[in-house]
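Peer 1: Here it is: the structure, laid out below.
The values are calculated or read from the model by the stated rules, or taken from the named source; none is laboratory data. Bear in mind that the values here come from a model prediction, so they are computed numbers and not experimental data. Note: ideal-geometry Cβ built from the backbone for every residue, glycine included; neighbour counts use all protein chains shown.
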Amino acid sequence: MEEALEVHRLHFAFTVTFHYIFPQLTMGLALLLVYLKTKALRTGDEHYNRAARFWARIFGINFALGVVTGIPMEFQFGTNWAEFSKAAGGVIGQTLAMEGIFSFFLESSFLGLFLFGEKKLGRIGHWWAAFLVFLGSWLSGYLIVATDAWMQHPTGYSIGPHGEIALSSFWGLVLNRWALWQYAHNMLGAVQTGCFVMAAVGAFYLLTKRDEAYGRTFVKAGVIVGLIAACLQLFPTGDMQGKQIAQNQPPTLAAMEGLFETQEGAPVAILGQPDVQKRRLDNPFEVPKALSFLTYRQWTAEVKGLDSFPQELWPDRITLLYYSYHVMVGLGTIFIAVMAAAAFLLWRGKLYESRWMLWVLMLCVPLPYIANTAGWMTAELGRQPWLIYGLMRTAHGVSPRVGAGNAWFTLIGFMGMYAVLSILFLFLVWREIEIGPEPRSRREEEGVPVLAD
Amino acid sequence: METIWFCIVALMIALYVLLDGFDLGAGAIHLLVAKTDEERRQVLASIGPVWDGNEVWLLAAGGTLYFAFPALYASGFSGFYLPLMIVLWLLILRGTSIEFRNHIKSAVWDPLWDFIFCGSSLLVAVFYGAALGNVVRGVPLDASGYFFEPLWTNFRLGEETGILDWYTILVGLLALAALVMHGGLWVQMKTSGPVSERAARVAGRIWWAVVALTLLVTAVTFKVQPQVEENFTTWPWGMVFPLLAVAGAAGVKFELAKEDQRKAFLASCAYLAGMLTSVVFSLYPMVLPARNPVYSMTVTSAKAGVYGLKVGLVWWAIGMLLAAGYFTFVYRSFAGKVVVDRDSHEY
């Protein structure tokens with residue numbers, strides 16, 4: 001069963017990581033689409049409607065992939081994690097079913113109208129369609145985060161006589177404090193992905209001197225919204241998440257920071273490689289006393305290191321957890337710097353001519369995806385060795401009858417399938433960017449070559 | 001309380017089959033009824049704006065099943081591991097083919113996606129039928145409440161059953177025939193010209209297969225699953241469900257002859273609803289029958305906590321009212337026949 005457990009974990013990790021490439025962009029873009037549609041409505045300028053239509057096409061491709069890769073996620077709770085589902089389905093099934101009933105119905109109904117019904121709906125009706133797609137996708141995000149938050153920090157439940165976990169307070173589950181901060185932090189991450197992608201496409205148009213009016217709109221929207229999101233990502237949401245972990249998952253905090261020994265005035269390690277066997281950080285590059293201050297707002301406060309906890313409570317992938325966390329924080333800091341520099345140039349009126357800044361914006365595009373993934377890895381690896389923190393160990397949650405052979409079979413199948421999807425995705429999105437936001441018929445009139453459609 | 005949720009889950013699954021059923025059926029006959037690119041775009045346009053909304057019912061039904069009957073979700077999904085994963089792959093391929101086909105026009109691009117769309121729709125229909133067949137036949141549950149079925153063993157109804165045996169394959173074929181009919185009736189209603197005519201012809205012809213397979217499967221089922229006879233004897237009013245199916249099937253033939261496209265489709269809905277409710281009725285109170293009846297899972301043994309089920313009833317009702325609102329709005333906005341001209345870039 002040892003091997004099977006590893007494969008089941010890898011199975012979920014692989015499919016969810018691939019899946020989340022798409023929702024992080026659609027949730028971020030949904031907000032930016034509402035912004036573009038609002039601009040169009042208020043200025044009456046068709047430019048913003050065309051810009052919105054362009055992004056709606058990219059949104060559509062991402063949404064389709066988000067749907068088809070999302071269905072396996074819900075299934076896997078039952079197929080690969082049967083013991084977990086049996087024990088906790090009565091609780092987390094609530095939020096998952098609500099996601100289907102409240103957000104997917106809303107989202108899928110109005111996305112169809114948003115993509116195909118602009119003429120039928122009229123200007124105001126189409127704004128509402130965009131808004132309801134945004135509402136649906138953000139609601140969906142909340143219900144998923146609430147599900148994860150319950151696994152991180154279970155609330156609103158009671159344990160029955162046979163060890164089954166039953167819901168005892170609906171609002172306790174839905175308004176879990178952990179969920180609120182995690183949601184805010186997560187959505188800001190998604191908004192940054194949307195902003196960096198929008199700014200990068202804008203920068204690409206400006207650098208290649210085509211569709212420059214759109215390029216300016218995209219860069220401006222991406223940079224302004226992106227700067228706000230990047231700052232809020234660090235404070236207060238990131239800070240609060242850190243405090244919640246310090247309070248509720250102290251071994252996780254120690255592992256994330258690579259803090260092996262309990263100490264007063266604990267430092268923050270910026271760089272360094274954890275050596276779990278020797279229980280120390282090699283080549284540390286540290287800011288003294290910073291961890292104590294960040295966690296407890298006191299320079300000399302005691303922070304518990306891994307040595308304060310029995311080894312069976314340690315997360316089982318300390319090194320990977322340490323690196324995920326450091327990659328996330330490092331990239332988050334870079335995002336603030338990049339967006340602040342770009343916003344400064346925008347304010348001075350120099351951004352659109354500043355080629356080096358546009359180059360930076362364009363090349364940054366993969367980074368928010370990496371940061372979001374690293375953030376989720378921090379959350380999920382940090383939760384180990386628990387599946388439901390303090391209630392159920394990961395090893396006790398797998399399907400007892402699904403062996404490693406069958407799990408490998410489907411994991412390999414998913415890998416093959418997703419490799420094909422990745423190629424298609426990149427190709428189709430690239431093609432939309434290449435075609436650009438100008439209506440196609442006009443391009444043809446002007447003699448601009450377009451790919452046959 | 002658990003019986004209410006049993007009915008709700010059954011209702012949601014039935015709605016899923018009615019809705020996604022027509023777009024699966026449309027996919028299964030895609031290559032048969034549409035020959036040129038324009039015709040194929042007509043078929044795709046007839047389901048384009050609604051197919052993913054239909055598929056959401058699968059998620060909603062799955063989620064509802066998950067929280068109302070967690071033990072069933074755990075046992076059933078892990079036991080049907082392989083066929084479920086294969087269905088997921090097919091749904092991924094199918095969704096991708098619908099969404100991506102029209103992004104590029106090329107002699108190698110769209111025919112490939114048309115073929116994938118048709119093939120995956122067809123196989124999903126067969127697998128759904130086989131899954132239903134497995135539930136009716138019973139699975140090798142033991143005292144632990146778990147089971148695992150390989151895809152096939154010896155194709156017999158013994159102790160070591162596989163997903164596919166002669167009975168479940170038969171049900172799979174019935175499902176395919178029924179969804180081809182359902183999809184054909186949808187396509188003839190939503191399109192015009194040769195596509196609509198061909199779809200009506202396909203539906204009319206497959207009708208004979210549907211009737212023949214329905215009779216055969218029903219007869220065999222009484223032998224395979226003794227609970228069926230017991231339930232219909234205990235509660236004779238349950239006969240309304242099979243009667244609905246019979247009326248639906250008769251209605252399809254009748255309305256097709258009268259060329260009333262809308263009513264023919266609705267009759268097919270009635271047939272499918274009648275068939276599914278008959279199955280659900282005849283299994284109650286079992287939710288997952290075991291080969292050895294001692295271990296069968298029932299509504300009581302699989303249900304979640306009472307508080308959760310009560311709260312669920314509140315938000316479920318609110319959510320469904322809202323969803324009914326959006327669905328009416330969307331179907332109204334896309335009502336009528338689809339029009340595909342050469343220049344429209346979506347579908």
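Peer 1: Count, please, the residues in the range B:44-71 that happen to be within 18 Å of A:Leu167 (Cβ to Cβ), in contact with a Phe, Trp or Tyr (Cβ under 9 Å, 6 or more places away or on another chain) and either surrounded by fewer than 24 Cβ atoms within 10 Å (Cβ to Cβ) or more than 7 Å from every other protein chain (Cβ to nearest Cβ) (or both).
Peer 2: Of the residues in the range B:44-71, 3 are within 18 Å of A:Leu167 (Cβ to Cβ), in contact with a Phe, Trp or Tyr (Cβ under 9 Å, 6 or more places away or on another chain) and either surrounded by fewer than 24 Cβ atoms within 10 Å (Cβ to Cβ) or more than 7 Å from every other protein chain (Cβ to nearest Cβ) (or both).
Peer 1: To continue, here is another question. With the checklist (1) farther than 28 Å from B:Val43 by Cβ; (2) away from chain A (no Cβ under 14 Å); (3) without any contact (Cβ under 8 Å) to a residue 60 or more places away in the chain in hand, flag the one item B:Val171 doesn't pass.
Peer 2: For B:Val171, the failing item is (1).
Peer 1: State all residues of the range A:25-38 that are more than 15 Å from A:Trp138 (Cβ to Cβ) and buried (at least 18 other Cβ atoms within 10 Å of the Cβ); if no residue qualifies, say none.
Peer 2: The answer is A:Leu36, A:Lys37.
Peer 1: Here is a list: B:Val311, B:Val287. Which entry is within 14 Å of chain A (Cβ to nearest Cβ) and outside any helix (DSSP H, G or I)?
Peer 2: Criteria check complete, one pass: B:Val287.
Peer 1: Within the range A:119-137, is even one residue under 30 Å from A:Arg401 (Cβ atoms) and assigned to a helix (DSSP H, G or I)?
Peer 2: For the range A:119-137, residues under 30 Å from A:Arg401 (Cβ atoms) and assigned to a helix (DSSP H, G or I): absent.
Peer 1: What residue, of B:Pro289, B:Pro293, is more than 18 Å from B:Leu174 (Cβ to Cβ) and in contact with a Pro (Cβ under 9 Å, 6 or more places away or on another chain)?
Peer 2: B:Pro293
Peer 1: Still on this structure, I have one more. Specify which of the listed residues (B:Ala270, B:Ala245) is free of Cβ contacts under 8 Å to residues at least 40 places away in the same chain and either surrounded by fewer than 18 Cβ atoms within 10 Å (Cβ to Cβ) or more than 17 Å from B:Gly25 (Cα to Cα) (or both).
Peer 2: None of the others qualify; the one that does is B:Ala245.
Peer 1: Sticking with this structure for a sec: For the range A:336-351, indicate whether the set of residues that are under 18 Å from the mean Cα position of the chain (by Cα) and touching a residue at least 40 places away in the same chain (Cβ under 8 Å) is non-empty.
Peer 2: Taking every residue of the range A:336-351 in turn, at least one turns out to be under 18 Å from the mean Cα position of the chain (by Cα) and touching a residue at least 40 places away in the same chain (Cβ under 8 Å).
Peer 1: Could you list all residues from the range A:124-158 that are within 12 Å of chain B (Cβ to nearest Cβ) and free of Cβ contacts under 8 Å to residues at least 24 places away in the same chain?
Peer 2: A:Gly125, A:Trp128, A:Ala129, A:Ser158
Peer 1: Tell me, which helices (runs of 4 or more DSSP H) lie completely within the range B:130-239 with 3 or more residues that are at pLDDT 90 or above?
Peer 2: Qualifying helices (runs of 4 or more DSSP H): B:166-190, B:193-224.
Peer 1: Taking the range A:294-350 as the search range and keeping residues that are touching a strand residue (DSSP E or B) at 6+ places or on another chain (Cβ under 8 Å) and part of a loop (DSSP other than H, G, I, E, B), which one is farthest from A:Ala395 (Cα to Cα)?
Peer 2: A:Thr300
Peer 1: Is it true that some residue in the range A:353-361 is in contact with a Gly (Cβ under 8 Å, 6 or more places away or on another chain), surrounded by 20 or more Cβ atoms within 10 Å (Cβ to Cβ) and touching a residue at least 60 places away in the same chain (Cβ under 8 Å)?
Peer 2: Scanning the range A:353-361, I find at least one residue that is in contact with a Gly (Cβ under 8 Å, 6 or more places away or on another chain), surrounded by 20 or more Cβ atoms within 10 Å (Cβ to Cβ) and touching a residue at least 60 places away in the same chain (Cβ under 8 Å), so the answer is yes.
Peer 1: Scan A:Pro161, A:Pro236 and give me the residue that is over 19 Å from A:Glu380 (Cα atoms), part of a helix (DSSP H, G or I) and free of Cβ contacts under 8 Å to residues at least 24 places away in the same chain.
Peer 2: A:Pro236
Peer 1: Let me ask something additional. Which residue out of A:Phe22, A:Phe59 is over 21 Å from A:Ser399 (Cα atoms), within 14 Å of chain B (Cβ to nearest Cβ) and buried (at least 23 other Cβ atoms within 10 Å of the Cβ)?
Peer 2: The match here is A:Phe59.
Peer 1: Pick from A:Pro250, A:Pro284, A:Pro274, A:Pro288: which is under 29 Å from A:Pro154 (Cα atoms) and not polar (S, T, N, Q)?
Peer 2: A:Pro250
Peer 1: Take the residues in the range A:41-77 that are among the small types (Gly, Ala, Ser) and in a helix (DSSP H, G or I), then tell me which one is farthest from the chain's Cα centre (by Cα).
Peer 2: A:Ala51
Peer 1: For the condition within 14 Å of chain B (Cβ to nearest Cβ) and within 30 Å of A:Asn248 (Cα to Cα), what is the one hit in A:Ser422, A:Ser399?
Peer 2: Answer to the selection: A:Ser399.
Peer 1: So the check is Cβ under 6 Å with 6+ separation or different chains; which pairs have a first residue in the range A:25-53 that's closer than 25 Å to A:Tyr369 by Cβ and a second one that's surrounded by fewer than 18 Cβ atoms within 10 Å (Cβ to Cβ)?
Peer 2: Close Cβ pairs (under 6 Å, with a partner that is surrounded by fewer than 18 Cβ atoms within 10 Å (Cβ to Cβ)) amount to A:Val34/A:Phe131.
Peer 1: (1) at pLDDT 90 or above; (2) within 11 Å of chain A (Cβ to nearest Cβ): which one isn't true of B:Lys105, the others all being true?
Peer 2: (1)
Peer 1: For the range B:81-108, which residues satisfy the criterion of being in contact with a Lys or Arg (Cβ under 9 Å, 6 or more places away or on another chain) and within 15 Å of B:Leu31 (Cα to Cα)?
Peer 2: Correct list: B:Arg101 only.
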